[in-house]
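Asker: Let me begin by handing over the structure; questions about it come next.
Values in this text are rule-based calculations from the coordinates and carry no lab data. Given the structure is predicted, the values throughout are model-derived calculations rather than measurements. For neighbour counting, all protein chains shown are included, and Cβ atoms are generated from backbone atoms with ideal geometry for every residue, glycine included.
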Amino acid sequence: MIADDHVWFDSSVTPHRALTPRGLVLCSIVLMLPSAVLATTLVIFNAWPASCFVGAESALAVAALHWCWRRLSQQGERVVVTDRDLIVQRWDGRATHAERVEPSWVSLERQMHEEFGCEALYLRVSRRRLRIAAMVGATARAQLADALEAALEARKRGFARGAQQWISNEKQEKGV
């Protein structure tokens, strides 16, 4: 992005995480507590090999929960519309990917469902489709689509007004 470009739209999208760090710890305790009681009971009845499997299974469940929570906290997407580019930047904790397209040729395509709302949102340029906001719910996706459409329209109107002013200024300078 060039410093003198006007920014028409800038939005960051991150997945919703229902669990706070404290909630994650509490959920882990709730998962581990019944397993610990069952494993203790199995050890008391001299079935200690089964208690190892119960402990390992619950530890794997808690580890998977923490891994998913951590991965979601590192994901995100940013959509920026400037005078020259529409930039979609994605990150997943390991790498950042950015795609640039010419905003004048972009159309917004929504996949709608009667019951669930906006199921998918695509930026269409010629035959290419770029899916955006896949990590958020239908309501947030629809709000992003409305705001992005308004920004693209404002950009088009702004450029049209700028071109008309430039033409009229040229005519005034020539004395026409």
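Asker: With runs of 4+ DSSP H residues as the only contributors, calculate the mean residue ellipticity of the chain at 222 nm using -39,500 (n - 2.57) per run, divided by the residue total and rounded to the nearest 500. Mind showing how you got there, number by number?
Answerer: On the way: 3 runs with 88 residues, N = 176.
The helix contribution divided over the chain gives -18000 deg cm²/dmol.
Asker: Further question on the same structure: Between Gln143 and Glu115, what FRET efficiency comes out of the Förster formula 1/(1 + (r/R0)^6) with R0 = 22 Å and r the beta carbon distance, rounded to 0.05? Numbers along the way, then the final one.
Answerer: Working: r = 18 Å, r/R0 = 0.83.
Once rounded, the FRET efficiency stands at 0.75.
Asker: Specify which labelled value, from [x] 1.27; [y] 1.17; [z] 1.03, agrees with Rg/Rh (Cα atoms, Kirkwood Rh) derived from the coordinates of the model shown.
Answerer: It is the value labelled [x].
Asker: If a helix is a whole DSSP H run, which ones in the chain reach 30 Å or further along their own axis (Cα) and hold a mean Kyte-Doolittle hydropathy of at least 0.0?
Answerer: Details: long enough: 21-44 (34 Å, 1.90); 48-74 (39 Å, 0.45); 138-174 (54 Å, -0.84).
Those that pass (Cα extent of 30 Å or more, hydropathy at least 0.0) are 21-44, 48-74.
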